[in-house]
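One structure is given below, encoded as structure tokens.
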Amino acid sequence: PYAALAAYYDLLIPDWEAAVRSAGEKLDRILRPLGVTSVLDCTCGTGIHSIGLAQKGYSVTGSDVSRPMLRKARQNAQRTGVAVRWLHADIRSLRAAVKDCFDAVITCGSSLLHLVSPRDLSEALESMFAVTREGGYILTVVASSEKSLKKIYPFMYKQIQLPDGVEVSFFTTTEYGEEAIFLNLFIVRTVSGNPKITHIPMRLRLVGQQELQDLLLKVGFVHVKSLSSSCSGTLTLLAEKT
């Protein structure tokens, strides 16, 4: 679904540079005390977390299943002036594209919610385990409840005027089912008064803390630790590979 969204994704962030700095600072507070120097951001999107870590001096590789999002990430890194290696890879089969092992493998921004079956999630964690070095770490960040997910994907309307005179409007609707959440994003691009509508449907699945902890242990990680505060609205888990 991000192929059509890639060109506009960063426009939805009010202050992109501040978001990058904040992401880098938050991750640095977790990773630096662990002695981490190399990081794989395996759901990098347009590069917010990868670039934030690179600004902090980490050796960073960013991978994503969406080629358009990767192209945008490369452009963002060049514009920002940091060095990040970018790779096209599905989180469920990282070893096919990623030959190295890393001090830390991270997935942020609730990307794991796009894995809509327990099997997909298990494959993703097994894949992340394979590219984590012995003594290294995995860090996962996901929305922890419907309430927190609504904060990430509320009903939204935003209108942006681009420099070339093109007007772009975004709005979303969200439907909550028993096992899945259906997010509908609409992009209305108006050129010379003629609107073109793009509908991007997304299916998401909330992951509970117990399920994620159990899967991390099952694939081989140990010392699973929650870094979430009670009011954060996100589930942040850190685990080690020994």
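The values are calculated or read from the model by the stated rules, or taken from the named source; none is laboratory data. Quantities reported herein were computed from a predicted structural model and do not represent experimental measurements. FYI the Cβ positions are ideal-geometry reconstructions off the backbone, even for glycines, and counts take in every protein chain you see. These area figures cover heavy atoms from the full protein model, side chains too; ligands, DNA and RNA do not enter into them. Shrake-Rupley method; radii C 1.70, N 1.55, O 1.52, S 1.80 Å.
The accessible surface of region 11-100, taken with every protein chain in place and a 1.4 Å probe, is 50 percent carbon and sulfur.
Basic side chains Lys and Arg get +1 at the Cβ, acidic Asp and Glu get -1 at the Cβ, and with that the dipole of the chain about its Cα centre reaches some 380 debye.
Using the alpha-carbon atoms, what tilt in degrees (0 to 90, nearest 10) does helix 16-31 show relative to the longest principal axis of the chain? Its long axis makes an angle of about 10 degrees.
DSSP bridge analysis restricted to the chain gives an antiparallel fraction near 70%, rounded to the nearest 5.
Taking 0.36 nm per intervening residue step and subtracting the Cα-Cα distance, what contour gain separates Arg189 from Arg133 on full extension?
15.6 nm
Compute the signed sum of charges (Lys and Arg +1, Asp and Glu -1) over the other residues within less than 12 Å, Cβ to Cβ, of Leu31. Value of the local net charge: 0.
Per residue, the accessible area of region 50-117 comes to 42 Å², computed with a 1.4 Å probe over protein heavy atoms only. Under 5 Å between amide hydrogens, which residues at least 5 positions from Val105 or on another chain qualify, with H placed 1.01 Å from N in the peptide plane? Amide H to amide H, under 5 Å and 5 or more residues apart or across chains, Val105 pairs with Leu40, Tyr137, Ile138, Leu139. Across the chain, the relative contact order, built from alpha-carbon pairs under 8 Å that are at least six residues apart, equals 16 percent. This model, with +1 at the C-beta of Lys and Arg and -1 at the C-beta of Asp and Glu, gives region 52-135 a dipole about its Cα centre of some 460 debye.
Projected label points at Lys218 and Arg203, each 7 Å from Cα along the beta carbon direction, are separated by 2.0 nanometres.
For Leu34 and Val166, a Förster radius of 45 Å and the Cβ-Cβ distance give a FRET efficiency of 0.50, rounded to the nearest 0.05.
Projecting the Cα atoms of Tyr137, Tyr157, Ala18 onto the charge dipole of the chain (Cβ charges, centred on the Cα centre) puts Ala18 farthest toward the positive pole. Overall, region 1-144 carries a charge dipole of about 280 debye about its Cα centre when +1 sits on the Cβ of Lys and Arg and -1 on the Cβ of Asp and Glu, all other atoms neutral.
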